[in-house]
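Chemist: The structure under discussion is supplied below as structure tokens; questions concerning it will follow.
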Amino acid sequence: MRKIVSILGVALMLQVSCNKITPEYPDEPFIDYQSFSLYITVDALNNKTLVGLLSFDFTDGDGNVGLYPLPDSSGLNLPDTLKYNFFLQLYDLKGTIFEKVPEDKGGILKYRIPYLDKQPLSGTLDLEISYPIIPHDTIFYTFYIYDREFNRSNTDTTDIIILSGINLEEL
């Protein structure tokens, strides 16, 4: 009898340990900066370009991160929050103080995270930022995302990125 109870107990523990517990996340997206790395690539015209790779983790409880593709010509008159769902603000070191770069000087970068649909949603996203010219020496970004219900995530910040000393012509 003890042997049967022991076997049933072990079988029950194995069954419980095999059942995955679905994590619960809030409906608002949450982002967590992971890394930013730089590398040099060559385009189809044989031009060297510096590329930054931003990597961050995200969660969204109701799984509505990402936008449907826009038709080619529509969306031109839509507000930015309908065309884009990933926003980065550039800061540039001036002397000893980081200054926010204005939008008209390229300070705000806007991207589309493609449609994702899974509840709950969790993963890592990577974004490539091209620097065909390098106008800044030392920078960092703040960034945030929106989901399809216009819930805004927290704002996270990259590490300080040093671009000085990179000369694409010499490489």
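Chemist: Being more than 12 Å from the chain's Cα centre (by Cα) and closer than 25 Å to residue 46 by Cβ, is that true of even one residue in the range 116-131?
Modeler: The answer is yes; a qualifying residue exists.
Chemist: Output the number of the condition that residue 114 fails; it satisfies all remaining conditions of (1) within 21 Å of residue 34 (Cα to Cα); (2) surrounded by 17 or more Cβ atoms within 10 Å (Cβ to Cβ).
Modeler: Against the list (1) within 21 Å of residue 34 (Cα to Cα); (2) surrounded by 17 or more Cβ atoms within 10 Å (Cβ to Cβ), residue 114 comes up short only on (2).
Chemist: Can you name the condition, by its number, that residue 88 falls short on among (1) crowded, with 16+ Cβ neighbours inside 10 Å; (2) in contact with a helix residue (DSSP H, G or I) (Cβ under 7 Å, 6 or more places away or on another chain); (3) not charged (D, E, K, R)?
Modeler: (2)
Chemist: Here are some residues: 130, 153. Which one is surrounded by 17 or more Cβ atoms within 10 Å (Cβ to Cβ) and small (Gly, Ala, Ser)?
Modeler: Criteria check complete, one pass: 153.
Chemist: Which of the residues that make up the range 80-119 are part of a strand (DSSP E or B), within 19 Å of residue 63 (Cα to Cα) and among the charged types (D, E, K, R)?
Modeler: Those that are part of a strand (DSSP E or B), within 19 Å of residue 63 (Cα to Cα) and among the charged types (D, E, K, R): none in the range 80-119.
Chemist: Continuing with this model, one more query. Scan the range 150-171 residue by residue and report those that are over 19 Å from residue 31 (Cβ atoms) and not in a loop (DSSP other than H, G, I, E, B).
Modeler: 162 - this is the single residue of the range 150-171 that is over 19 Å from residue 31 (Cβ atoms) and not in a loop (DSSP other than H, G, I, E, B).
Chemist: Sticking with this structure for a sec: Which residue pairs have Cβ atoms under 9 Å apart, sit 6 or more places apart or on different chains, and have a first residue in the range 130-146 that is under 15 Å from residue 95 (Cα atoms) and a second that is among the charged types (D, E, K, R) and assigned to a loop (DSSP other than H, G, I, E, B)?
Modeler: Cβ pairs passing all conditions: 140/159.
Chemist: How do the pairs read when you match residues in the range 21-46 that are assigned to a strand (DSSP E or B) with residues anywhere that are surrounded by 12 or more Cβ atoms within 10 Å (Cβ to Cβ) and small (Gly, Ala, Ser), using Cβ under 7 Å and keeping only pairs 6 or more apart or on different chains?
Modeler: Pairs that qualify, where the first residue is assigned to a strand (DSSP E or B) and the partner is surrounded by 12 or more Cβ atoms within 10 Å (Cβ to Cβ) and small (Gly, Ala, Ser), are 30/153; 31/153; 34/55; 35/55; 36/52; 38/52.
Chemist: Hey, can you tell me all the residues within the range 26-69 that are out of contact with any strand residue (DSSP E or B) (no Cβ under 7 Å at 6 or more places or on another chain) and farther than 25 Å from residue 81 by Cβ?
Modeler: 44, 45, 46, 47
Chemist: Of the residues that make up the range 49-56, is at least one closer than 20 Å to residue 147 by Cα, of a type outside the set (A, V, I, L, M, F, W, C) and modelled with pLDDT of 95 or more?
Modeler: yes
Chemist: Among the residues of the range 29-58, count how many are surrounded by 14 or more Cβ atoms within 10 Å (Cβ to Cβ), over 10 Å from the mean Cα position of the chain (by Cα) and not aromatic (Phe, Trp, Tyr).
Modeler: Selection size over the range 29-58: 7.
Chemist: Check whether at least one residue in the range 96-110 is in contact (Cβ under 8 Å) with a residue 24 or more places away in the chain, within 17 Å of the chain's Cα centre (by Cα) and either exposed (fewer than 12 other Cβ atoms within 10 Å of the Cβ) or over 21 Å from residue 35 (Cβ atoms) (or both), and report yes or no.
Modeler: Within the range 96-110, one or more residues are in contact (Cβ under 8 Å) with a residue 24 or more places away in the chain, within 17 Å of the chain's Cα centre (by Cα) and either exposed (fewer than 12 other Cβ atoms within 10 Å of the Cβ) or over 21 Å from residue 35 (Cβ atoms) (or both).
Chemist: Could you figure out which of (1) more than 18 Å from residue 30 (Cβ to Cβ); (2) out of contact with any helix residue (DSSP H, G or I) (no Cβ under 8 Å at 6 or more places or on another chain); (3) part of a strand (DSSP E or B); (4) in contact (Cβ under 8 Å) with a residue 12 or more places away in the chain isn't true of residue 69?
Modeler: Going through (1) more than 18 Å from residue 30 (Cβ to Cβ); (2) out of contact with any helix residue (DSSP H, G or I) (no Cβ under 8 Å at 6 or more places or on another chain); (3) part of a strand (DSSP E or B); (4) in contact (Cβ under 8 Å) with a residue 12 or more places away in the chain one by one, residue 69 breaks only (3).
The values are calculated or read from the model by the stated rules, or taken from the named source; none is laboratory data. Bear in mind the structure is a predicted one, so any value in this text is a computation, not a measurement. Neighbour counts are summed over all protein chains in view; Cβ atoms, including those assigned to glycine, are modelled from backbone coordinates with ideal geometry.
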